[in-house]
Amino acid sequence: MTGALRARVLGGDITMDAATVFENIQQTAAQFASQRRERQERRGLVAADFAQLREAGFLLTGVPVDQGGIWESLGGSTRPICEMLRTLAHGDSSVALVCAMHPVVLNFWMATAQSPPPYQTAWEEQRRSIFRKVCEGAWWGTIASEPGGAGDLSKTKATARRGSSDGTYMLTGQKNFGSGSGITSYMVTVAVPEEEAAPDMFALDMREVPWDGSAGVTLTAEWDGHGMAATQSHTMTFKEFPVTRVAWPGQFPLLAEAAGGLGQCCFTAVIVGVAEVALETAREQVVRRREELRAYERVEWAKAELEGWLIHQAYEGMLRAMEEGRDGPFHAVQAKTAIAELAESVLGRICRVIGGGTFSRSSPFGYWHEDVRALGFLRPPWGLSYDRLFAV
């Protein structure tokens, strides 16, 4: 371990409690923030950052307590994980978003501790295998979206043909928005299994897999840095690529329901962190030229502060709903959608107050403005979010 990071080591694996992980994340985020200008100019991820975050204990957000991690339950763990991501976003928003995918994906296995017969043994073995690999250093992500799918996973056109051994399949299809590509050890996706009508979930072992098509994976479009600039959210084409089916087959909707809104909470936490640091940074400039502000700029700043306050109220309401088990998934979508709109408005107002210099690549505000726009397009994207809100 380096610096002031604290941990205990069992069997070669780093294990910590949630409070220690959060303390370590605070230190890491502060270091990242001191490198802000250089980081905002990046167009790719740096492996050393994720090695540092592994050492800080962040990987354990995707492992239950009884398996050596810090996950307790949706009600007990959503807030601590979101606070870690919110804090990390103060230092590097792209890294924070990629990190958010890790507990969100693993929650499919964390939130459902048992499955009914005849799958209970296979499910338990799969869970233990996954969590053990995470404790050993495996990052998880997702590459489930598809061009033209509008974020609706039920409309996947990808297929999965049965492989030669039980539980293995061969994936064929195009996938995009694979955040963390090249950093993640494993990713999850959805595809329609052979001779079935509904999609199911599959795990992809992406370790040391070449992207030139020779192993069934072709990089078809490298992330262009628009939006969250350095997330490496590449587009890939899969052709007969070996994948492993979830050990409780045919229950993807049930597993997603059990996951209970954690994804929306984690994505929202990242953007809350970005909006916070943008307001804090802008406030320093506004205070210095307070008497020079024109009437319009004063009104815009006051509105930005009001919307920042509303963001915190929505965020807190979302976390409380999750803690209390009070229709958490609905309130998570509600808060995500509201904060997506508010964060865009806040950054727009800040840019109008600070002035034309915010369009420069030397200004952090232009980057943050693009960062916050990402939230509305994260799952569920705008259209699906409002469908869910209207359906209640």
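Search the range 210-235 for residues being open to solvent by less than 30 Å² (accessible area, probe 1.4 Å) and at negative phi, and hand back the single one that is farthest from the chain's Cα centre (by Cα).
The residue in question is 217.
Of the residues that make up the range 95-103, is at least one under 20 Å from residue 325 (Cα atoms) and either in contact with a Gly (Cβ under 7 Å, 6 or more places away or on another chain) or surrounded by fewer than 24 Cβ atoms within 10 Å (Cβ to Cβ) (or both)?
Yes: the range 95-103 contains one or more residues that are under 20 Å from residue 325 (Cα atoms) and either in contact with a Gly (Cβ under 7 Å, 6 or more places away or on another chain) or surrounded by fewer than 24 Cβ atoms within 10 Å (Cβ to Cβ) (or both).
Does the range 329-336 contain any residue that is within 17 Å of residue 81 (Cα to Cα), in contact (Cβ under 8 Å) with a residue 24 or more places away in the chain and open to solvent by 50 Å² or more (accessible area, probe 1.4 Å)?
Scanning the range 329-336, I find at least one residue that is within 17 Å of residue 81 (Cα to Cα), in contact (Cβ under 8 Å) with a residue 24 or more places away in the chain and open to solvent by 50 Å² or more (accessible area, probe 1.4 Å), so the answer is yes.
Would you check which residues across the range 1-47 are basic (Lys, Arg), at pLDDT below 95 and surrounded by 19 or more Cβ atoms within 10 Å (Cβ to Cβ) and list them?
none
Can you tell me how many residues in the range 240-258 are within 21 Å of the chain's Cα centre (by Cα) and open to solvent by less than 60 Å² (accessible area, probe 1.4 Å)?
Within the range 240-258, residues that are within 21 Å of the chain's Cα centre (by Cα) and open to solvent by less than 60 Å² (accessible area, probe 1.4 Å) number 5.
What pairs come out if I take residues in the range 137-165 that are within 30 Å of residue 68 (Cα to Cα) and polar (S, T, N, Q) and pair them with residues that are in a loop (DSSP other than H, G, I, E, B) and modelled with pLDDT of 95 or more whose C-beta lies under 8 Å away, six or more apart or interchain?
Cβ pairs passing all conditions: 142/179.
Within the range 145-160, is even one residue under 25 Å from residue 384 (Cα atoms), open to solvent by 50 Å² or more (accessible area, probe 1.4 Å) and among the charged types (D, E, K, R)?
Checking the range 145-160: at least one residue is under 25 Å from residue 384 (Cα atoms), open to solvent by 50 Å² or more (accessible area, probe 1.4 Å) and among the charged types (D, E, K, R).
If you take just the helices (runs of 4 or more DSSP H) that sit entirely in the range 279-392, which of them hold at least 1 residues that are modelled with pLDDT under 95 and out of contact with any helix residue (DSSP H, G or I) (no Cβ under 6 Å at 6 or more places or on another chain)?
364-373, 382-391
Which one is most open to solvent (accessible area, probe 1.4 Å), of the residues in the range 184-206 that are more than 19 Å from residue 107 (Cβ to Cβ) and in contact with an Asp or Glu (Cβ under 9 Å, 6 or more places away or on another chain)?
192
Looking at residue 268, is it under 22 Å from the mean Cα position of the chain (by Cα), closer than 23 Å to residue 97 by Cβ and of a type in the set (S, T, N, Q)?
yes
Would you check which residues across the range 132-178 are among the charged types (D, E, K, R) and part of a strand (DSSP E or B) and list them?
Matches in the range 132-178: 161, 162, 175.
Hey, does the range 300-310 have a residue that's surrounded by 14 or more Cβ atoms within 10 Å (Cβ to Cβ) and within 30 Å of residue 73 (Cβ to Cβ)?
Checking the range 300-310: at least one residue is surrounded by 14 or more Cβ atoms within 10 Å (Cβ to Cβ) and within 30 Å of residue 73 (Cβ to Cβ).
Select the helices (runs of 4 or more DSSP H) contained entirely in the range 18-99, then report the ones holding at least 1 residues which are among the charged types (D, E, K, R), within 24 Å of residue 111 (Cα to Cα) and out of contact with any Pro (no Cβ under 9 Å at 6 or more places or on another chain).
By residue number, 47-56, 74-91.
Between a first residue in the range 75-88 that is over 11 Å from residue 269 (Cβ atoms) and at pLDDT 95 or above and a second residue that is surrounded by fewer than 18 Cβ atoms within 10 Å (Cβ to Cβ) and acidic (Asp, Glu), which pairs have beta carbons less than 7 Å apart while being 6 or more apart in sequence or on different chains?
Listed pairs, sorted by first residue: 75/323.
Could you check the range 343-363 and list, in sequence order, the residues that are touching a residue at least 40 places away in the same chain (Cβ under 8 Å), crowded, with 18+ Cβ neighbours inside 10 Å and of a type outside the set (Gly, Ala, Ser)?
Correct list: 346, 347, 349, 350, 353, 354.
The values are calculated or read from the model by the stated rules, or taken from the named source; none is laboratory data. All figures in this text were calculated on a predicted structure; none of them were measured in a lab. Ideal geometry is used to build each Cβ from the backbone, glycine not excepted, and the neighbour counts take in all protein chains shown. What goes into the accessible areas is simple: the full protein's heavy atoms, side chains included, and nothing from ligands, DNA or RNA. Shrake-Rupley method; radii C 1.70, N 1.55, O 1.52, S 1.80 Å.
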